[in-house]
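Q: Shown below is the structure under consideration.
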Amino acid sequence: MAKYVSGFSKLSKSDKINWIVDTYFSNNQDAKTILKQYWNTNIKLQNLHDEFIENTITNYYLPLGVAPNFLINGKHYTIPMAIEESSVVAAASKAAKFWLDRGGFKAEVISTTKIGQVHFMYNGNVELLKSYFEFIKPQLLSDTKSITKNMEKRGGGILDIELVDKTKSLDNYYQLHASFDTQDAMGANFINSCLEQFAKTFKDNANGFKNMNSDDLVIVMSILSNYVPNCLVRTEVSCKVSELNEDENIAPEDFANKFLQAIQIAEVEPYRAVTHNKGIMNGIDAVVLATGNDFRAVEAGVHAFASRNGSYTSLTHASVNDGIFKFWMEIPLALGTIGGLTNLHPLVKLSLELLGKPSAKELMQIVAVAGLAQNFAALRSLTTTGIQQGHMKMHLMNILNQFNANDDEKKTLVEHFKTNVVTHSSVVEAIEKLRQ
Ligand code: MEV
């Protein structure tokens, strides 16, 4: 069967599946069964999911877990997390409980400005361009009135538009650099619609201005930026060093020192910083996904922020002063609690309700806290027991499932590995022994 297909998107869902299984699978009945076993029997719900994207053939499940006992700015939360990696939810819950007993997390939104740009080339007199921009700026704003009306009612809108000369970096390159407040919406559609209108107004009116020639002005593209260093949230925990550790194998002062050293290493060593920040993103992405936000946008923006000073560094920081341990993070997060998937996906709606229907600002705080908690849990195990102990315990269940262990086998083996070291081979050995 040819691996090329034309008009695929126009085929029915069944025909799409038929073509895929006939073309790529030797046992097409098995492949079909697997794909169909994830269809939802509730047709309305299935149609909803089918229409999120194009060429849907089935659903791809991720577990949705919860981490209870988060205390943030004096308020209790149970945080929903959609993630496939074992031990992330357990680590979040553990860190939440640890800080619950020490005053909880503090979080504050520092700023909420988002950015969008019209990128264009201009091959003419710069002073003329500058005066054209000043002339057209009011019309750039007035031509977007129909787009901004509702957003303005909610207290948001366009904050400013600047003309930026980028010709030192690239010949003839300029931007309309605009800033926005999108309130509780992530705002991608709003920003992009405004930008496309700016581009049209800017191009269409150029010919009428003095001796400007619109052919000298080429719009390349109009798009929001996922780099949002001015959409920033800060979160922090602190306690007396003496209250820091519950583990009698390590003195609290030694734990604090090692923790600080782990942070300092991530501050100066990019190889470590990437993994350190990856652990933070375990918490962040899981909540971002559960609440229907765009984790790719968040990832891109966060990592750009982590390298804003020219080298990639830790997102978290820690200090000990006058016997007080402090651990904090500032992170850019462009999130929404209205629009997009938030009104559509039943589990997203449920997750937001579980969080008490937060505003975008409150969600920024919750997400940042999930990241800080995750980093605390990771550094705590890395600098004390090592990461594998907890990890492999959680991983045990995955291995048991791979071997289709039944409930009795699981019970026996979980008990066995409470006192034995979990490795892939030790689990396989134990299953085989049990089954003999
Ligand atoms: C694993 O998903 C995340 C960690 O590697 C993070 C870290 O090393 O800090 C444990």
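The values are calculated or read from the model by the stated rules, or taken from the named source; none is laboratory data. The shown structure was predicted, so the numbers you read here are calculated from the model rather than taken from an experiment. Here the Cβ positions follow ideal geometry from the backbone for every residue, glycine too, while neighbour counts run over all protein chains shown. Keep in mind that these areas ignore ligands, DNA and RNA; they rest on the heavy atoms of the full protein, side chains included. Shrake-Rupley method; radii C 1.70, N 1.55, O 1.52, S 1.80 Å.
Q: Any residue in segment 380-405 that is closer than 13 Å to residue 247 by Cβ sitting within a Cβ distance under 6 Å of a residue that is among the charged types (D, E, K, R) and open to solvent by 80 Å² or more (accessible area, probe 1.4 Å)? List the pairs, counting only those 6 or more apart or interchain.
A: These pairs meet every condition: 383/258.
Q: Now for a different question. Looking for something within 21 Å of residue 298 (Cα to Cα) and either touching a helix residue (DSSP H, G or I) at 6+ places or on another chain (Cβ under 8 Å) or among the acidic types (Asp, Glu) (or both) - is there at least one such residue anywhere in segment 125-145?
A: Within segment 125-145, not a single residue is within 21 Å of residue 298 (Cα to Cα) and either touching a helix residue (DSSP H, G or I) at 6+ places or on another chain (Cβ under 8 Å) or among the acidic types (Asp, Glu) (or both).
Q: If you don't mind, there's one more thing I want to ask. Is there any pair with a first residue in segment 1-28 that is closer than 17 Å to residue 39 by Cα and a second that is part of a loop (DSSP other than H, G, I, E, B) whose Cβ atoms are under 8 Å apart and which are 6 or more apart or on different chains, and what are they?
A: From segment 1-28, the pairs are 13/56; 13/57; 16/55; 16/57; 17/57; 20/57.
Q: Look at residue 72 and say whether it is closer than 30 Å to residue 397 by Cβ and either within 23 Å of the chain's Cα centre (by Cα) or surrounded by fewer than 18 Cβ atoms within 10 Å (Cβ to Cβ) (or both).
A: Here the answer is yes, as residue 72 does meet what is asked.
Q: Output the number of residues of segment 375-388 satisfying the condition of being open to solvent by 10 Å² or more (accessible area, probe 1.4 Å) and either away from the ligand (no atom under 12 Å from the Cβ) or under 21 Å from residue 99 (Cβ atoms) (or both).
A: Residues meeting the conditions: 9.
Q: Now for a different question. May I ask you to list pairs of residues, at least six apart or on different chains, whose Cβ atoms are under 7 Å apart, with the first in segment 198-211 being assigned by TED's automatic domain parsing to the domain that holds residue 137 and open to solvent by less than 50 Å² (accessible area, probe 1.4 Å) and the second being among the charged types (D, E, K, R) and outside any loop (DSSP other than H, G, I, E, B)?
A: Qualifying pairs under 7 Å: none.
Q: Turning to a different aspect of this structure: Given the structure, is residue 165 in contact (Cβ under 8 Å) with a residue 40 or more places away in the chain, of a type in the set (D, E, K, R) and not assigned by TED's automatic domain parsing to the domain that holds residue 375?
A: In short, no.
Q: Okay, next question. Enumerate the pairs (first residue in segment 73-96 and farther than 13 Å from residue 281 by Cα; second residue anywhere and within 12 Å of the ligand (Cβ to nearest atom) and open to solvent by 30 Å² or more (accessible area, probe 1.4 Å)) with beta-carbon separation below 7 Å, excluding pairs fewer than 6 apart on the same chain, so at least 6 apart or on different chains.
A: Listed pairs, sorted by first residue: 86/394; 86/395; 87/390; 87/391; 87/394; 90/394.
Q: Right, here's the next one. Would you confirm, using the coordinates I've provided, whether residue 272 is over 27 Å from residue 87 (Cβ atoms) and either open to solvent by less than 60 Å² (accessible area, probe 1.4 Å) or under 21 Å from the mean Cα position of the chain (by Cα) (or both)?
A: Criteria not met by residue 272.
Q: When only residues in segment 178-188 that are open to solvent by less than 20 Å² (accessible area, probe 1.4 Å) and not in a strand (DSSP E or B) count, which is modelled with the highest pLDDT?
A: So the residue we want is 182.
Q: When you check residue 364 against the structure, is it in contact (Cβ under 8 Å) with a residue 60 or more places away in the chain, surrounded by fewer than 16 Cβ atoms within 10 Å (Cβ to Cβ) and more than 16 Å from the ligand (Cβ to nearest atom), yes or no?
A: It is false that residue 364 is in contact (Cβ under 8 Å) with a residue 60 or more places away in the chain, surrounded by fewer than 16 Cβ atoms within 10 Å (Cβ to Cβ) and more than 16 Å from the ligand (Cβ to nearest atom).
Q: Working only within segment 275-292, note down all residues that are open to solvent by less than 10 Å² (accessible area, probe 1.4 Å) and of a type outside the set (Gly, Ala, Ser).
A: Selection gives 276, 277, 280, 281, 284, 287, 288, 291.
Q: Determine whether residue 175 is under 23 Å from residue 300 (Cα atoms), polar (S, T, N, Q) and open to solvent by 30 Å² or more (accessible area, probe 1.4 Å).
A: Against the criterion (under 23 Å from residue 300 (Cα atoms), polar (S, T, N, Q) and open to solvent by 30 Å² or more (accessible area, probe 1.4 Å)), residue 175 does not qualify.
Q: Condition check: open to solvent by 20 Å² or more (accessible area, probe 1.4 Å) and over 18 Å from residue 329 (Cα atoms). Does residue 265 satisfy that?
A: no
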